[in-house]
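To keep things clear, I will list the structure first and then write my remarks on it.
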Amino acid sequence: MTTTNKELVEGLRVQAQHVREAILRMVYAANSGHCGGSLSAADIVTALYFHIMRIDPQHPSWEDRDRFILSKGHACPVLYSALALRGYFPQEELGTLRAMDSRLQGHPDMRKTPGLDATTGSLGQGLSLGVGMALGAKLGGKAYRVYVLMGDGETNEGQIWEAAACAVKYRLDNLVAIVDKNGLQNDGPTDAIMPMGSLAEKWRAFGWDVVEIDGHDMAQIVGALDEAKERSHGKPTAIIAKTVKGKGVSYMENVVEWHSGAPTDMELDIALAEIWKGR
Amino acid sequence: MVKQDGRKPISTRKAFGQAIMELGASVENLVVLDGDISRSTYTVEFSQSFPTRHFNVGIAEQNQMGVAAGLALAGYKPIVASYAVFASMRALEQVRTSMCYPRLNVTIAASHGGLTPGNDGVTHQAIEDLGIMRTLPNMTVIAPADGVSLKPLLQQAIAWDGPVYMRLTRDAVPIIYDETDEFHIGKAKQLREGSDVTLIAIGDMVQWALKAHDLLLEEGITARILDMHTLKPLDSEAVIKAARETGAIVTIEDHNIHGGLGGAVAEVLTLDYPVPQGRIALRDTFAESGPYEKLLEKYGLSTDHIVQAVHDVIRKRDRK
Ligand SMILES: Cc1ncc(C[n+]2csc(CCOP(=O)(O)OP(=O)(O)O)c2C)c(N)n1
């Protein structure tokens, strides 16, 4: 890795911890929300919003911007945090998550929150939206790229696989699907609730280019996303990111009960201390 | 204005197929999505003339709705061509959350509405779609009565701010209108003047309301006929006016009795101008395979049933 790359990756790592802090603080303030799946996706979402995507927070609906769809919409604290830290709206607003009259709905509402590219929260629907957007880019000769983040539990949904086939048919090499493979869903481990076997093999069998990475290794994340940008040979890219649900907070890590729920005062203190420990 | 002359009946799905050929040429960001039934939805010609703007996404209606929503988000005007049963039920939640909630400009062309797919049987007869679609916030619901009114309504639907569900017939329906007639989404079309009763019909049932009108006239009953091509937003002004001026209403729909036109009209009458209402609709039952007109007879939707309902509702009113 070159020095600049090292600096970049280190900077993103720190940024991801800021995102994690914001997630915890906002779920604490709302006294509800989804910590586990937000924390597992924090590094990926940070890489996208602070390095990979061509976006302009001053012009959220800029036509040529790259698009991001949080198909696992329950993890919106991670997205709201990234958007606020990136300057789409004031960070103080994060404290209004899930409150009356807030622009930050319990699940993403693109008509309310500046910077959101899609309305999501019903699992399984986001990849189809991404296919439509990527198809639109191709049709209009636009260079923007579309990123869709899904949960591994979410891939239980049949619509994901309808969309997976469709993306291949239309040679959408401007589409990147990322699976946040944290191994847990709502009721338990994905292997127990609905074993999907090898996700990498499934996506490959559908005709996607598949990359498997450690979803908390910033260098690997940036590497895989950069590489996907370079590709233009008619195939969509699936990044299977091995992650830890609740990543960064010891008592949340791999604990299915932390799928949703807010930390207490004491738990928040511990969580923040852990996130910043050693820095 | 209105004639039922020698013009050839045409299904509204076929008229749809012809209309999108013209619209495809004039609306350059119009795109059409199919689900492996393009021969039935009459989009084949469009797909041949505008191959880059036609997407056959296979037998996957949920994805079809999502891809259409994504294309709308990318600045296109998508038309989803499907059957009413699949568009309104298989992919309902996709329509609701990916389309209605973000209020995207997508037109759903839902063929095979009501009992018009007669011999295909219950699996293909959508008798719940209008009611279902009517409950979705931001959704507009239209069912044109003939091939002529389809065109302006479709054109407006494409330009409409928000999703539109347009129910089409599988079978041919008579041409009722002239090309010069004007239509507006949300504005009922009065087809006959009358003062004894008002028949409010939608979609393929408008033709039978007109037949009933003529039969009633022979008995000296003058019936006002309203073509309620837009179920939502309902033209409540026209409903109230009809209630005030004729004092009795019969709603006529090729749909289950719950949730559709009869329900929508009853909501207006109850709140704003209570008068007796009769309802022609399926009596909360599935139908069966059979010729369309035979099914109408068996399930209480024929012209005779309409005439009977008019007698009943007038009797009810005059007893008051
Ligand atoms: C269609 C649908 N069914 C059920 C739910 C309820 N739900 C919310 S999150 C979740 C589990 C998601 O698991 P996964 O996709 O693995 O997400 P993660 O573990 O990353 O949070 C479920 C079942 C939903 N939001 N949408």
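The values are calculated or read from the model by the stated rules, or taken from the named source; none is laboratory data. Keep in mind that what you see is a predicted model, and the values were worked out from it rather than measured. Counting neighbours? That spans all protein chains shown, and the Cβs are built from the backbone with ideal geometry, glycine included. What goes into the accessible areas is simple: the full protein's heavy atoms, side chains included, and nothing from ligands, DNA or RNA. Shrake-Rupley method; radii C 1.70, N 1.55, O 1.52, S 1.80 Å.
For this structure, a couple of remarks:
- Scanning the range A:94-148 for residues that are among the charged types (D, E, K, R), facing chain B (nearest Cβ under 10 Å) and touching a strand residue (DSSP E or B) at 6+ places or on another chain (Cβ under 8 Å) yields one hit, A:Asp117.
- The range A:33-55, residues that are within 13 Å of the ligand (Cβ to nearest atom) and not in a helix (DSSP H, G or I): A:Gly33, A:His34, A:Cys35, A:Ala41
- Any pair with Cβ under 9 angstrom, 6 or more apart, that starts in the range A:208-232 at a residue that is within 22 Å of A:Thr4 (Cβ to Cβ) and ends at one that is open to solvent by 30 Å² or more (accessible area, probe 1.4 Å) and at pLDDT below 95: A:Ala219/A:Met1; A:Ala219/A:Asn5; A:Ala219/A:Lys6; A:Val222/A:Asn5
- Residue within the range A:18-40 that is open to solvent by 10 Å² or more (accessible area, probe 1.4 Å) and of a type in the set (S, T, N, Q) present: yes
- When the range B:33-61 is filtered for residues that are assigned to a helix (DSSP H, G or I), among the charged types (D, E, K, R) and under 21 Å from A:Gly136 (Cβ atoms), the ones remaining, listed by number, are B:Arg53, B:Glu61.
- Set B:Ala87, B:Ala72, B:Ala81: member being over 22 Å from B:Lys14 (Cβ atoms), more than 7 Å from chain A (Cβ to nearest Cβ) and buried (at least 24 other Cβ atoms within 10 Å of the Cβ): B:Ala72
- Selection status of A:Gln58, in a loop (DSSP other than H, G, I, E, B), open to solvent by 10 Å² or more (accessible area, probe 1.4 Å) and within 16 Å of the ligand (Cβ to nearest atom): no
- Matching helices (runs of 4 or more DSSP H) fully within the range A:90-196 where at least 2 residues are touching a residue at least 40 places away in the same chain (Cβ under 8 Å): A:126-139, A:158-169
- Qualifying residue in the range A:78-91 (condition: open to solvent by less than 10 Å² (accessible area, probe 1.4 Å) and either hydroxyl-bearing (Ser, Thr, Tyr) or at the interface with chain B (Cβ under 10 Å from one of its Cβ atoms) (or both)): yes
- Restricting attention to the range A:241-279, the residues being part of a loop (DSSP other than H, G, I, E, B), open to solvent by 60 Å² or more (accessible area, probe 1.4 Å) and in contact (Cβ under 8 Å) with a residue 40 or more places away in the chain number 3.
- Single residue of A:Thr155, A:Thr237 found to be within 15 Å of the ligand (Cβ to nearest atom), closer than 17 Å to A:Ser71 by Cβ and buried (at least 24 other Cβ atoms within 10 Å of the Cβ): A:Thr155
- Each residue in the range A:218-234 was checked for being of a type in the set (Gly, Ala, Ser) and either within 13 Å of the ligand (Cβ to nearest atom) or part of a loop (DSSP other than H, G, I, E, B) (or both), and 2 pass.
- B:Gly194 touching a Ser or Thr at 6+ places or on another chain (Cβ under 7 Å), over 30 Å from B:Asp161 (Cβ atoms) and at pLDDT 95 or above: yes
- Counting only residues that are without any contact (Cβ under 8 Å) to a residue 12 or more places away in the chain and not charged (D, E, K, R), the range B:192-225 holds 2 of them.
- The set of residues in the range A:160-177 being within 11 Å of chain B (Cβ to nearest Cβ) and more than 17 Å from A:Gly140 (Cβ to Cβ) consists of A:Ile160, A:Trp161, A:Glu162, A:Ala163, A:Ala164, A:Ala165, A:Cys166, A:Ala167, A:Lys169.
- Taking the conditions (1) surrounded by 24 or more Cβ atoms within 10 Å (Cβ to Cβ); (2) under 19 Å from B:Arg39 (Cα atoms); (3) in contact with a Phe, Trp or Tyr (Cβ under 9 Å, 6 or more places away or on another chain) in turn, B:His124 satisfies each one other than (1).
Yes/no per residue for (1) closer than 25 Å to B:Leu153 by Cβ; (2) open to solvent by 10 Å² or more (accessible area, probe 1.4 Å); (3) within 15 Å of the chain's Cα centre (by Cα):
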site: B:Ile202; (1), (2), (3): yes, no, yes
site: B:Val206; (1), (2), (3): yes, no, yes
site: B:Leu210; (1), (2), (3): yes, no, no
site: B:Leu216; (1), (2), (3): no, no, no
site: B:Thr222; (1), (2), (3): no, yes, no
site: B:Val239; (1), (2), (3): yes, no, no
site: B:Thr246; (1), (2), (3): no, no, no
site: B:Ile252; (1), (2), (3): yes, no, yes
site: B:Asn256; (1), (2), (3): yes, yes, yes
